[in-house]
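To keep things clear, I will list the structure first and then write my remarks on it.
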Amino acid sequence: MYANKVHIAEIFDISYSTVKKREKEIREEIGKRYNQYAIIGKLINVAVFADYEKYRGMLADKNLRKYVPEFDIYEAGRYLEQLQGKQMQQGYEERKIV
């Protein structure tokens, strides 16, 4: 599934400018970690974005990078489901408090 930057920001509950920064960083990973279909035009693969968010710190560190598992689209999908579950739980708790 692909999404534009605005939708990615909504999915991950982050700012648009953060998405733009991550897009640039993901582009630098194309050919290394991700294939050429990670970003198509103005659309970003949501699974790729989720994977990058999960492993960003390790990928940035040259010593930790070697311990990052290979990109797995199914694992990225499971991570995305976990994030969405947490967001839904937080939304429920916020509604309960109000």
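Computed from the coordinates by the stated procedures, all read-outs in this text should not be read as laboratory data. Predicted, not measured: the structure shown is a model, and the values here were computed from it. All Cβ positions, glycine included, derive from the backbone under ideal geometry; neighbour counts span all protein chains shown.
3J(HN,Hα) along region 28-35, derived from phi through the Karplus expression 6.51 cos²θ - 1.76 cosθ + 1.60 where θ = phi - 60°, amounts to 5, 8, 5, x, 9, 9, 10, 8 Hz, with x in place of Gly and Pro. Calculated mean residue ellipticity, 222 nm, the chain: -21000 deg cm²/dmol, from DSSP H runs (n ≥ 4) at -39500 (n - 2.57) each, averaged per residue and rounded to 500. Cross-link pairs exceeding 21 Å between alpha carbons, from the set Lys21/Lys86; Lys21/Lys54; Lys54/Lys86: Lys21/Lys86.
Taking trypsin sites (Lys or Arg not before Pro) across region 1-90, the ones in a DSSP loop with at most 10 further Cβ atoms lying within 10 angstrom of their Cβ are Lys32, Lys42, Lys62. Lysines near Lys32 by alpha-carbon distance under 16 Å, same-chain residues fewer than 8 away left out - which ones? By straight Cα distance, Lys32 reaches Lys24, Lys62, Lys66. Label-to-label distance, Tyr16 versus Lys32, with points set 7 angstrom from Cα along the beta-carbon direction: 2.9 nm.
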